[in-house]
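Okay, so here's the structure we're looking at.
Bear in mind that the values in this text are calculations on the coordinates, not laboratory data. Note that this is a predicted model, so its numbers are computed, not measured.
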Amino acid sequence: MTSAFSKNETALSAGKTESFSSLWVAFLLAICFGPTLASIAGSWFDPNADMGHGLAVPLVAGWIIWSKREFLARVPKVPNYFGLLLVLWGTVQFTISSAADWIFATRSSFLISLAGCVLGLGGTRMLRALAYPLCLLCLMITPPTFVQERLTFQLQLIASRLAEWSLDALGYSVLRDGNILEMVGERLAVAEACSGIRSLFSLVFFCLTYNYFFVSGTAMRWIMLAAVVPLALFGNALRIVATGVVAQYNRELAHGILHEAWGYLTILLAGGLIVLLHVSLTKIQLSLRRSHAI
């Protein structure tokens, strides 16, 4: 009896020590990276940053961790001092990138330091258990400017081509010059905001979240993620086509608030198609299994 009580008391004391260490490290991270975290949060509300989904990222990551709390409690915590190397890496990267004003490198140094703290306090098993929410946090940071600009330009051209083909198939006269669509009485410019980059980032985040909670099997998850790009392009092209068609009859409806609303509607449509794709693939998978069983 005395031995069992002593073991419980020791385990409780160890648990309190681990909790205190985790809280202390979290406090130090918040102090050291406070301005960086504020900068990341500010980008979520910047209409030019295409990060409208950013606010939901840490919330979803936190919910994933909370949903795994019982499993995480059973993971053996074996501190790994290689975590200190990751923290050192994050610190050096933060110092250099802050001096050089490399925004992406400065912001991503927080995630490197955070991974280092997890590895240092909990060990490799804990880091592996938290790999998904930690990687998901990458989506709360605006990509490097040169990557975003190059991707935006390519999406502009693809969206313009798809819209041109669709409008032509519907019987509307259209002439494309780069990302400019000339129609009768209307000139549509597929600007950076209409490139689909915002919907692509949002749909990637939605798909990764949906995959974690509802999709089983690695192959199925990769198929779902691969479908995001064509669905985002389809949704954005549909928005441009709808704008062009409506502009032929009422120019006011094709611009302003309604034009922005159509952007959100296309994201919802593409998200619904992702869910529909999963349901359809699951039914096909089940039917194939039944046929093989017979």
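For the reader, a short list of remarks on this structure follows.
- Relative contact order for the chain, counting Cα pairs under 8 Å that sit 6 or more residues apart, in percent: 15
- Per residue, the convex hull spanned by the Cα atoms of the chain amounts to 175 cubic angstrom.
- Residue of Ala261, Ala115, Ala61 that the Gaussian network model of the chain assigns the largest fluctuation, springs spanning Cα pairs under 10 Å: Ala261
- Evaluating kT/(6 pi eta Rh) at 37 °C and 0.692 mPa s, with the Kirkwood radius of the range 147-293 over Cα pairs in the Stokes-Einstein relation, gives 199 µm² s⁻¹.
- Percentage relative contact order, the range 147-293, counting C-alpha pairs under 8 Å, at least six apart: 23
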